[in-house]
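One structure is given below, encoded as structure tokens.
Bear in mind that the values in this text are calculations on the coordinates, not laboratory data. Quick caveat: nothing in here was measured; it's all calculated off a predicted structure. Neighbour counts are summed over all protein chains in view; Cβ atoms, including those assigned to glycine, are modelled from backbone coordinates with ideal geometry.
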Number of protein chains: 2
Amino acid sequence: MQERSLPIGVFDSGMGGISVLKALTQAMPGEDFIYLGDTARLPYGTKSPQTVVRYSLQCAAALASRGIRCLVVACNTASTPALPALRAQYVDFPIVGVIQPGAQAAVAISRSLHIAVIGTEVTISGGAYQAAILSLNSRARVSALACPLFVALAEEGLTTGPIAEALAHRYLDPIFQVDSPPDTLVLGCTHFPVLKEAILAALPKGVNIVDSAVTTAAAVKALLHPTISLTRGRVTWLATDNPARFARVGSTFLGEPLSPDAIELVDL
Amino acid sequence: MQERSLPIGVFDSGMGGISVLKALTQAMPGEDFIYLGDTARLPYGTKSPQTVVRYSLQCAAALASRGIRCLVVACNTASTPALPALRAQYVDFPIVGVIQPGAQAAVAISRSLHIAVIGTEVTISGGAYQAAILSLNSRARVSALACPLFVALAEEGLTTGPIAEALAHRYLDPIFQVDSPPDTLVLGCTHFPVLKEAILAALPKGVNIVDSAVTTAAAVKALLHPTISLTRGRVTWLATDNPARFARVGSTFLGEPLSPDAIELVDL
């Protein structure tokens, strides 16, 4: 009988990273996972880079103390400033963010190399997607836009219908209703995959969508030798506050019910 | 020459309380104020009551240490659970929340005594407005509704136009497009006054709007003997994170420009 591997640790400022966890469990169904949502201090997207780095180190410490074989920073806002500090601190397991896999997928799929990226204010103003895409191909052109209201829509579960579509048009028309628009759009926030339908409705036909949750899961799978198991792995849920809201909003991102009783409250 | 009074301390989880500060400066232009926005930990509206009480005590301590003559909890979310703890801790100056003045104004103006209240999730589920209104008149009937997306709209400055109005209809129609709707609506969140135009557009004619910022300022003025001065008082600005965003979003609520350089960063 094979000894079970340590779980894969995943953290986010809140519940959006559950879209990454969902993609990870679909890519590697035999693995165990620990997911930590720092719900006491969400959102990271409006906080300064220094604060986001400090919080990320605390999240990583909580997961590392339980033993993990890989750390996934399932948060575009935290991936931007925190990866260097995390990698300096932890050398015993690989650390994967969501920026690089999304940038690689976008450069691979785009024909015109004109790529749009949407995310939170910190992700976009931090410029990490723009830098990652340009370092992969210096001829690329990036149109980047912060869409903070998409986060609020996703958390309220208002993911389809006229309000979501009107907001998608308001954000995306200035980028796509022009001459020579981008041919690829990176969903650079883990909240955005659940809005994919409304976003697609606002886009011109033929634009590629890169879902950073799916591309991150593929990158983690390529890095590890996933556990082969006939049984589905377990997910351990941790949150720093408000398990009831974590469960309610989290089930939107997980796509299946999540019970507040399954969530362990931790203090960082 | 009269000795200057100590300033009036005002705190909120972020910038929304600036709508209360604006009403206070209009009601008492000769007074000095210190405003603290706990921007490192906003929003309070999605956090547990225990966490909100802890944060509120830390905000009050920061203001009290500088010397204040009155403390205004300019945050509906914090007023709900934190006032008893704050009043137990500080007996040297009066402490005013935003719930009681709004409830009093609503009961005074409503003819049918059917009153609607909108606010954040914690404000509404905490039931403080409902309890305050019923304690003033036990025959009153309260229709309460959480409108968290209004907060995100206000912070993005998307306060008028079709998206704001569509969202107002989505939230308010189930309460007002019925037989015997409420005749009074309490804006039970400091973010909502800037959305007043969109909210009015979604309401049946003749509904009274109670703005908790204005009613709170009137309550503070009635409690103090405001400084009479030919010169306008000063406002000292404190924030726990991200002065640039504080200034940008805050100017929406203040209704005039606010410079990031005017904001002192403090650590609680």
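Some notes on this structure:
- Mean sequence separation of contacting Cα pairs (under 8 Å, at least six apart), scaled by the length of chain A, corresponds to a relative contact order of 27 percent.
- Percentage relative contact order, the stretch A:99-212, counting C-alpha pairs under 8 Å, at least six apart: 35 percent
- Using a 7 Å Cα-to-Cβ projection, B:Lys196 label spacings across copies, nm, ascending: 4.4
- For the rotational copy relationship between B and A, the axis lies nearest to a chain B beta carbon, identified with its distance in whole angstrom as B:Ala152, 2.
- On the basis of the beta-carbon distance and an R0 of 22 Å, B:Ser229 and B:Ser251 show a calculated FRET efficiency of 0.35.
- Ranked by how many other Cβ atoms sit within 10 Å of their own Cβ, fewest first, the residues B:Arg232, B:Arg66 fall in the order B:Arg232, B:Arg66.
- Sorted ascending by nearby beta carbons within 10 Å, beginning with the fewest, B:His191, B:His225, B:His169 become B:His225, B:His169, B:His191.
- Within the shell of other residues whose beta carbon sits under 11 angstrom from the beta carbon of B:Cys75, the net charge comes to -2, with Lys and Arg scored +1 and Asp and Glu -1.
- In terms of its alpha-carbon gyration tensor, the stretch A:71-170 comes out oblate; a/c meets the 1.5 threshold, while b/c is at least as large as a/b.
- Each 10 Å bin from zero up to the one holding the largest Cα-Cα distance in the stretch B:151-263 carries the following percent of pairs: 12, 33, 31, 19, 5, 0.
- The ranking of A:Lys205, A:Lys22 from fewest to most other beta carbons within 10 Å of each one's beta carbon is A:Lys205, A:Lys22.
- The amide H of B:Val210, built 1.01 Å from its N in the peptide plane, has B:Leu185, B:Val186, B:Leu187 as neighbours under 5 Å, considering only residues 5 or more places off or on other chains.
- Among beta bridges that DSSP assigns inside the stretch B:99-211, antiparallel share in %, nearest 5: 0 percent
- Residues whose placed amide H lies under 5 Å from that of B:Gly157, excluding near-sequence neighbours: none
- For the stretch A:1-159, alpha-carbon Rg relative to the globular expectation (2.2 N^0.38 Å, N residues): 1.06
- Helical segments meeting 18 Å axial Cα length and Kyte-Doolittle -0.5 threshold in chain B (DSSP H): B:49-64, B:76-89, B:162-176
- Shape category assigned to the stretch B:1-40 from the gyration tensor of Cα positions, a/c cut at 1.5: oblate
- Net dipole in debye of the stretch B:154-223 [+1 Lys, Arg Cβ; -1 Asp, Glu Cβ; about Cα centre; nearest 20]: 200 debye
- Partner lysines for B:Lys196 [C-alpha distance under 20 Å; skip if fewer than 8 residues away on the same chain]: B:Lys22, B:Lys205
- Database remark: amide H of A:Val235 closer than 5 angstrom to the amide H of A:Phe33 (H placed geometrically; neighbours at sequence offset of 5 or more, or on other chains; Pro and chain starts carry no H).
- The protein assembly as shown shape via C-alpha gyration tensor axes, a/c threshold 1.5: prolate
- Per principal axis, descending, Cα span of chain B in whole Å: 58, 40, 37
- Computed from point charges on the beta carbon alone (+1 for Lys and Arg, -1 for Asp and Glu), the dipole magnitude for chain B about its Cα centre is near 480 Debye.
- Per-residue ellipticity at 222 nm, computed for the protein assembly as shown from helices alone with -39500 (n - 2.57) per DSSP H run of at least four residues, works out to -13500 deg cm²/dmol.
- Kirkwood Rh and Cα Rg combined as Rg over Rh, evaluated for the stretch A:61-106: 0.98
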